[in-house]
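Peer 1: Pasting a structure here, questions to come.
Each reported figure results from applying straightforward, stated rules to the coordinates on display, with no laboratory input. Because the structure is a prediction, the values reported are computed rather than measured. Reconstructed Cβ throughout: ideal geometry from the backbone, glycine too, with neighbour counts over all protein chains shown.
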Amino acid sequence: MTENQMQERIVINPKVKVGKPVIKGTRLTIVYILGLLAQGATFDAILQEYDGVTSEDIQACLLFATKSLESTVFMPLAGELG
């Protein structure tokens, strides 16, 4: 999936979920979908539970998260140094 394709599927609107990124045409936030995946939900389970969501939408959520983390710098906490 390209970044342009992702941008067609993910929208940010201050009037929807206080501006959190959501799957276009839904109120499902990226964070919610990622949370489902982190808890072990499969693409198929999510697709069955949420009408109108496609596997490409879920891929867009993953790409959005990847792009969001690319410019993030992580620093170890004081107690976690080598």
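Peer 1: Give me Met6, Met1, Met75 sorted ascending by neighbouring Cβ count inside 10 Å, so fewest comes first. Write down the numbers at each step before the final one.
Peer 2: Working: Met6 19, Met1 12, Met75 6.
Ordered by Cβ neighbours within 10 Å, fewest first: Met75, Met1, Met6.
Peer 1: I need Phe64, Phe74, Phe43 ordered by Cβ neighbour count within 10 Å, fewest first. Mind showing how you got there, number by number?
Peer 2: Values: Phe64 20, Phe74 5, Phe43 15.
Final ranking by Cβ density, sparse to dense: Phe74, Phe43, Phe64.
Peer 1: Once the Cα gyration tensor of region 3-67 is found, what semi-axes does its equivalent ellipsoid get, as square roots of 5 times the eigenvalues, in whole Å, sorted largest first?
Peer 2: Details: eigenvalues 61, 33, 26 Å².
Values for region 3-67, descending: 17, 13, 11 Å.
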